Structure formats: structure tokens, C-alpha cells
Amino acid sequence: VKLRRADVHLLELTLRTPFTTSFGTATTLRRPFVVLEDADGRRGVGEAPTLPDPAYKPEVDTPAVLTSLREFLLPALAAAHAADGFRGVDDLRRATDRIKGAVFAKSAVEAAWWDLRAQAAGEPLWRLWSGAARTFPVGVSIGGKGLGQVLDLAERAADLGYRRLKVKIWPGFDEEPVRALRERFPAILLQVDANSAYDMTNWQRLKALDDFDLLLIEQPLFDDDVYLHSRIAPEIATPICLDESIHSLRDAETAIALWGDLAAERLIVNIKPPRVSGYAEAAAIARRCREAGVRTWVGGMLDSGWGKAMNLQFNGLPEIDLPGDHFSPGGAYFAEDVTVEPLRARGGMFALGDGVSAGVAIDWERFDRLGERLFGVAFGDR
Ligand code: OSB
Ligand code: MG
């Protein structure tokens with residue numbers, strides 16, 4: 001792929017339903033999108049699914065991602081492109097290797113690059129990633145303020161046909177919503193996400209959730225911790241799922257080693273491609289987890305239709321076991337989105353097709369209307 005320019009756009013996306021987690025409520029999301037242009041004039045797009053502040057984990061806030069892109073990643077890409085060009089994704093990744101962290105920013109660049117590759121090949125992304133045109137179940141994540149809203153959103157999700165629900169919990173709002181959801185939906189796949197709201201003084205509360213046949217408990221402890229999670233895993237019958245604290249294949253290896261003989265039964269990994277710096281690393285994690293018998297699924301960050309479409313293509317990998325966070329419980333996530341056609345699940349199932357790249361198209365008129373271009377670099381001729 002011969003690149004001509006890289007530009008960063010900032011779009012404002014408005015959630016139709018505010019999303020509440022243990023760390024706060026989000027309504028409007030300012031999202032960086034990387035647009036890579038190749039020598040044939042194609043435009044590849046990658047989203048950084050940022051949040052307003054670093055309450056989920058460091059460097060996922062909009063200002064941090066914009067700083068990483070402007071100050072470090074785009075200059076490093078321009079320098080590497082001038083010196084050697086990019087033959088493949090490994091060259092692209094190597095160009096920014098010396099920059100530590102910046103996983104969301106790196107992922108946005110890589111996503112745009114994959115989009116270009118897929119367009120040039122005329123293929124869907126799932127095929128480039130050695131996936132299959134799978135039909136798989138998808139789930140929803142419920143971030144409700146209080147029991148009333150949680151039950152209301154769960155009802156809407158069940159009406160739309162989703163058979164897997166994830167609910168946000170925190171100390172004092174855990175057993176109550178889980179009990180209510182389990183009573184209302186006895187057969188549904190149910191899981192919880194604490195977004196690191198518990199600590200070593202109160203994690204024992206989570207043992208009470210063992211009575212409700214949950215699929216998993218996601219990131220109960222600290223956002224940067226793997227070790228303490230491995231210590232509480234033998235004490236809770238429900239599997240522990242890591243989200244925030246997995247950034248790389250190496251982190252996944254650490255978890256697999258720490259869980260030891262319990263890995264297959266008590267460890268699950270939420271693979272969010274942007275949180276692990278991109279789709280290449282995400283695929284490596286999925287394969288390593290499969291080898292170790294550790295189940296995986298594809299998480300979301302309230303991504304736009306574009307980010308979700310790419311994640312759904314990634315869900316085509318046969319190594320992904322469980323339903324992912326790809327759809328919102330009450331219909332579309334955003335008042336206005338960046339894709340021409342909305343993504344659709346039928347009966348809680350999503351079917352990958354033969355459409356090129358992400359299988360949906362960017363609506364450039366809306367893309368331009370929702371935000372503005374902030375900065376960019378020209379790569380020049382090689
Ligand atoms: O922890 O999975 C999470 C949203 C924002 C930040 C973190 C998380 C989430 C979700 C939503 O749970 C998943 C989605 O539907 O995109
Ligand atoms: Mg999570």
C-alpha cells in the first residue's frame with residue numbers, strides 16, 4: 001500500500017441513550033478518526049473509540065489520543081514511509097513500536113490501513129484476517145442508571161431478539177440488578193462488568209453472584225491489574241474476564257500463566273481491538289487463548305457504526321467463542337452515525353457477508369457534517 005496522506009478528523013457523536021458505568025455517564029462522544037489516503041485516491045478509515053476522560057483506563061480519552069497522533073504517531077509514520085515504505089502490517093506496526101502505550105491511537109491508524117488493504121483487494125476484512133463468513137450471536141451491554149432503567153433496557157434488548165445481556169455493576173448495585181434480571185430472564189446468557197469498581201476490601205461481595213449462573217464477571221478489580229484478579233479467581237465459581245488490563249499478547253500470556261490449571265475454566269478474555277493496539281495483535285491474542293482453552297469475545301467502546309462493523313468482521317475469526325458487545329439494547333447507539341446503512345442483527349444473530357472491507361460504507365457527507373479535519377501529514381513520493 002502506497003500512502004499519500006494521513007489526516008485526523010474529530011467527530012461529535014451523540015448517544016440516543018446515555019450510558020452509565022461504575023465510572024460515570026456518557027452522552028456526547030468526541031471521536032478521532034484517522035483517514036489514510038493511498039496513491040490511487042482511496043480513503044481508509046479507522047476510529048479511535050475514545051471517552052471524555054481517562055476514567056476507564058489511561059490514554060483512552062480524546063485529548064490523549066489526539067496528542068499521540070499529532071505529536072508522535074503521524075510524524076513516526078511519515079519518517080518510516082519516507083525511509084522504507086510499508087509492505088505489510090508488520091512494517092506499519094514497527095514504525096510506531098518505540099512509542100509506548102497509545103494503543104487506541106495506534107489502533108486507529110492500523111484500522112485505516114486494513115480498510116485500504118481490503119478495498120485494494122476487493123475483499124471483506126474477515127477474509128484478510130483468515131476468518132469465515134460466520135453467522136454468530138451478538139449481545140448488548142446495558143449501562144443503566146438504577147434498576148428501573150436497567151430492566152427497561154433489558155426488556156427492549158430481549159424484544160429485539162438479543163439472547164445475551166451484560167449489565168454494569170458496582171458495590172451496592174450488584175446482587176440486586178443481577179437477581180432481578182435472572183428472575184425476569186431465566187434462560188438468557190447473562191454477564192456483568194464492574195469496570196474496576198471493587199477492591200481487596202469488598203471483592204468478596206462478588207461471591208454472592210455465583211448463585212445466578214452468570215457467564216462471567218468482567219474486570220472487578222483495578223484497571224491495571226492481572227495478578228490480584230488471578231488470586232481471587234479460585235475463590236469465585238463464576239469465571240473472571242479481563243478487559244482493561246489486557247493490552248497485548250504478552251499480557252494475555254501473563255494471565256494464562258497466573259491462572260495456571262484454572263485458565264480454561266476461570267479465565268475469559270474480552271478482546272477489544274483498539275485496546276490491544278489493533279486487529280493484528282487482537283488476532284494473535286485470540287489464537288493464543290484458543291490454544292490455552294481460554295474463551296474470548298469481542299468487546300466494544302460505544303464505537304460508531306464504522307468501528308462496530310470492523311469489530312464484527314473480526315468476530316468472523318473462528319477463535320472467538322462468546323457473543324460480543326456489538327449492539328445497543330434500545331436500537332441504534334447514536335442519533336446520527338457515520339455509515340450509510342445501519343448494522344442489523346436478526347434474532348440476536350449477525351451474519352457476515354461478502355461486502356468489501358467492513359461490509360458497510362462511510363457516508364462522507366455526514367462524516368464531514370459531524371466534525372472537522374484537525375491535522376494531517378503528507379507522505380510525499382517514494
Ligand atoms: O468496559 O466494556 C466496557 C463502554 C465504554 C467503556 C467501556 C466499556 C463499555 C461497554 C459498552 O460496556 C460496550 C458497547 O456496547 O460498545
Ligand atoms: Mg468492560
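The values are calculated or read from the model by the stated rules, or taken from the named source; none is laboratory data. What you see is a predicted model, and the numbers here were worked out from it, not measured in a lab. Cβ atoms come from the backbone with ideal geometry, glycine included; neighbour counts cover every protein chain shown. The accessibility values were calculated without ligands, DNA or RNA, using every heavy atom of the protein model including side chains. Shrake-Rupley method; radii C 1.70, N 1.55, O 1.52, S 1.80 Å.
With both labels modelled 7 Å from their Cα along Cα-to-Cβ, the Trp364 to Lys2 distance reads 2.1 nm. Taking a straight line from the alpha carbon of Lys2, these aspartates and glutamates sit under 13 Å away, with near neighbours fewer than eight places off in the same chain left out: Glu37, Asp38, Asp40, Asp84, Asp91, Asp381.
For the chain, the longest principal axis of the C-alpha atoms and the axis of helix 175-184 are separated by about 90°. With each label modelled as a point 7 angstrom along the Cα→C-beta vector, the Asp211-Asp90 pair spans 5.4 nm.
Between Gln204 and Arg16, the FRET efficiency from the beta-carbon distance, with R0 = 45 Å, is close to 0.75. Ranking Met310, Met200 from most to least accessible surface, computed with a 1.4 Å probe over the protein chains only, gives Met200, Met310. For the stretch 123-206, the gyration tensor built on C-alpha atoms gives an oblate shape. Its axis ratio a/c (a ≥ b ≥ c) is at least 1.5, and a/b is not larger than b/c.
Using the average count of surrounding beta-carbon atoms within 10 Å as a protection proxy, the listed peptides 316-328, 150-162, 353-365 rank, highest first, as 316-328, 150-162, 353-365. Surface calculation, 1.4 Å probe, protein heavy atoms: Phe72 sits at approximately 100 Å² accessible. Starting from the Kirkwood radius over alpha-carbon pairs of the stretch 47-89, derive D by Stokes-Einstein at 4 °C in a medium of 1.567 mPa s and give it in µm² s⁻¹. The calculation lands on 110 µm²/s. Length available on full extension from Asp354 to Thr67: 0.36 nm per residue minus the Cα-Cα distance, which gives 99.7 nm. Per the Cα gyration tensor, the stretch 1-155 maps to an equivalent ellipsoid with semi-axes of 32, 20, 13 Å, ordered largest to smallest. In the chain, the calculated helix contribution to ellipticity at 222 nm averages -9000 deg cm²/dmol per residue, counting -39,500 (n - 2.57) for every DSSP H run with n ≥ 4. In the stretch 172-225, Cα pairs under 8 Å separated by at least six residues give a relative contact order of 46 percent. In terms of packing, defined here as the mean over residues of other Cβ atoms within 10 angstrom, the peptides 141-149, 76-84 line up highest first as 141-149, 76-84.
Binning the C-alpha pair distances of the stretch 169-299 at 10 Å intervals from 0 yields a P(r) profile of 13, 46, 32, 9, 0 %, listed from the shortest bin outward. Here's the picture: a label point sits 7 Å out from the Cα of Asp223 along the beta-carbon direction, and within the stretch 10-35 the residues with their amide nitrogen under 19 Å of it are 19-32. Among Trp113, Trp170, the sequence by solvent-accessible area, most first, with a 1.4 Å probe is Trp170, Trp113.
For the chain, the longest principal axis of the alpha carbon atoms and the long axis of helix 249-259 meet at an angle near 20°. Stretching the chain fully between Lys100 and Asp321 yields a gain of 76.6 nm (0.36 nm per residue, less the alpha carbon separation).
Counted residue by residue at 0.36 nm each, then reduced by the alpha carbon distance between them, the extension gain from Ala82 to Asp152 reaches 19.8 nm.
Accessible surface calculations at 1.4 Å, restricted to protein heavy atoms, place the chain at 38 Å² per residue.
Considering only beta bridges that DSSP places wholly inside the chain, some 60 percent are antiparallel. Karplus-derived 3J(HN,Hα) values for the stretch 59-76, using 6.51 cos²θ - 1.76 cosθ + 1.60 with θ = phi - 60°, are 6, 10, 7, 4, x, 5, 5, 5, 4, 4, 5, 6, 7, 10, 6, 5, x, 5 Hz; glycine and proline are entered as x. Taking 20 °C and 1.002 mPa s as conditions, the chain diffuses translationally at an estimated 103 µm²/s according to Stokes-Einstein applied to its Kirkwood radius (Cα pairs). Computed from Cα atoms alone, the Kirkwood hydrodynamic radius reported for the stretch 9-57 is 12.6 Å.
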